[in-house]
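The values are calculated or read from the model by the stated rules, or taken from the named source; none is laboratory data. Being a predicted model, the structure only gives us computed values, none of them experimental. Here the Cβ is made from the backbone with ideal geometry for all residues, glycine too, and neighbour counts use every protein chain on show. With ligands, DNA and RNA removed, areas are computed over all heavy atoms of the protein, side chains included. Shrake-Rupley method; radii C 1.70, N 1.55, O 1.52, S 1.80 Å.
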Amino acid sequence: MNFDEIIDRRGTHSAKWDMMEKIYGVPADGGLPMWVADMDFRPPACVQGALEEMIGHGLYGYYGDDSGYKAAIRWWLAERHGWTVEDGWIFTTHGLVNGTAVCVDAFSDPGDGVVLMTPVYHAFARVIEAAGRRVVECPLALREGRYEMDFDAWDAQMENSGAKMLVLCSPHNPGGRVWTRAELEGVAAFARRHDLVLVSDEIHHDLLMPGQTHVPMALIEGVEDRLVMMSSTTKTFNIAGAHTGNVIIADEALRARFAKKMAALGLSPNSFGLFMAEAAYSPEGAEWVDALCGYLDGNRKVFDAGIAEIPGLASMPLEATYLSWVDFDGTGMAPAEFAARVEKDAKIAVNHGPTFGKGGESFLRFNIATPRARVAEAVERLQAAFGDLQ
């Protein structure tokens with residue numbers, strides 16, 4: 001668990017490192033990638049050990065008997081989140097973007113609306129639109145530097161929206177909010193009022209700052225008949241390349257619709273991801289996650305303190321995830337100008353706020369899940385790039 005270790009990922013087919021020059025013009029030599037949401041840390045030793053045992057055996061056939069894999073999922077969700085699930089509720093998808101896409105296909109028709117509370121993870125809109133559905137944006141309210149839900153405004157815009165489904169991001173990416181039980185009860189009521197299938201993407205549910213508690217949407221009463229839950233080991237343990245996600249559906253009718261679509265698409269999981277997930281969801285994996293969250297909290301403090309010293313910049317208080325959402329509105333600069341300073345002057349690749357939907361126009365998203373020395377270096381580069389504002 002040496003999170004300070006500097007690991008050279010260049011030339012390893014890392015999207016985060018090897019694609020930033022092509023996409024952002026930031027060279028891998030001398031640039032800092034703070035965009036793609038994966039970490040620059042090795043996963044826990046138990047994951048590496050599971051892969052080494054698999055490779056040592058030397059045969060890579062079809063995976064069979066997933067009872068151990070599902071038992072590990074059930075143990076983790078009960079132990080870490082107080083949520084009891086059954087084996088028959090669990091589907092395995094090729095990650096949760098794929099899981100979202102299958103939900104869109106299973107629970108809506110071409111031309112239907114799908115509600116997103118924006119700004120929100122950009123891949124949601126991408127798969128919704130690619131499937132011939134419409135994104136119905138319900139903008140989050142920005143109040144005193146943090147996001148809040150605005151159900152009165154959303155109710156008003158739902159009339160004639162043609163929406164059939166709502167995708168919730170909990171905890172929120174990019175804002176880092178951990179939604180309260182009261183807020184989640186409000187989401188459940190909103191979904192009931194407008195007869196929406198509620199898909200809750202909880203991929204960041206393990207990545208909590210100290211003192212924060214995540215409430216699974218499945219523990220909110222009155223939403224069982226319309227709820228689809230999504231979780232994964234991939235963000236928690238930095239194994240996104242495994243492309244393995246859990247779609248968990250308690251309601252029998254929804255489960256049958258999802259199963260039918262999975263069968264029609266011929267989807268089945270890859271064995272590498274299942275071996276990794278079963279190893280990760282373990283006491284050793286839990287110990288690693290606890291250490292990780294403490295380290296991320298330290299990175300958050302270093303990054304936020306540095307941002308606070310730059311006039312006109314404000315980082316949103318981070319309650320979960322490792323993604324800092326920084327507002328540049330106070331600089332008075334146009335998005336193209338402040339993005340150019342970050343990418344060309346500071347040589348840092350970041351996600352642009354407008355890709356997350358309405359409300360993201362003045363923001364950039366920074367991935368701080370990297371050794372602390374790099375976080376400190378990023379802060380120094382940003383302070384220099386905006387030095388004329390000091």
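Note on A336 and K301: the extension gain reaches 9.9 nm, defined as 0.36 nm multiplied by sequence separation minus the Cα-Cα distance. Over the chain, dividing the summed -39,500 (n - 2.57) contributions of all DSSP H runs of at least 4 residues by the number of residues returns a 222 nm mean residue ellipticity of -12000 deg cm²/dmol.
Here the peptides 154-163, 35-44, 211-220 are ranked by packing, the mean other Cβ count within 10 Å, and the order with the highest first is 35-44, 211-220, 154-163.
Among complete DSSP H helices in the chain, those whose alpha-carbon atoms stretch at least 15 Å along the helix's long axis and whose mean Kyte-Doolittle hydropathy reaches 0.0 are 45-57, 95-107, 252-265. Distance between the 7 Å Cα→Cβ label points at D329 and A156: 1.8 nm.
For the chain, a Gaussian network of Cα nodes joined below 10 Å ranks V223, V178, V120 by mean-square fluctuation, and the top entry is V223.
A dipole drawn for the chain from +1 and -1 charges on Cβ atoms has a positive end, and of M158, F237, T370 the residue lying farthest that way is M158. Per the Debye formula on identical point scatterers at the alpha carbon atoms of segment 21-154, with no solvent, log10 I(q)/I(0) at q = 0.09, 0.20, 0.21 Å⁻¹ is -0.50, -1.24, -1.24.
Short-range pairs are left out: with C-alpha atoms under 8 Å and at least six residues apart, the relative contact order of segment 287-390 is 33 percent. Dividing the mean sequence gap of close Cα pairs (under 8 Å, 6+ apart) by how many residues the chain holds gives a relative contact order of 24 percent.
The chain gives an Rg/Rh value of 0.96, both radii derived from C-alpha positions and Rh following Kirkwood.
Count Lys and Arg as plus one, Asp and Glu as minus one, and take only other residues whose Cβ is under 14 Å from that of G132; the net charge is then 0.
Take 2-10, 261-269 and order them by the average number of nearby Cβ atoms within 10 Å per residue, most first; the result is 261-269, 2-10. Between the C-alpha center of segment 229-298 and that of segment 17-60 there is a gap of 18 Å.
For the chain, the dipole from Cβ point charges (+1 on Lys and Arg, -1 on Asp and Glu) about the Cα centre works out to 600 debye, to the nearest 20. Share of segment 104-144's accessible area from carbon and sulfur, percent, 1.4 Å? Ligands and nucleic acids excluded, carbon and sulfur reach 47 percent. One chain, two ends: L265 and D345. Fully extended at 0.36 nm per residue, the span grows by 24.2 nm beyond their Cα-Cα distance.
Remark on segment 143-284: Rg and Dmax equal 16.6, 50 Å (Cα only). Between H172, A279, I23, the Cα set farthest toward the positive side of the dipole of the chain (charges on each charged residue's Cβ, about the Cα centre) is that of I23.
Globularity index of segment 296-365 is 1.06 (Cα radius of gyration / 2.2 N^0.38 Å, N = number of residues). Non-local lysine pairs in the chain, meaning eight or more places apart or on different chains, with alpha-carbon distances under 27 Å, amount to 23.
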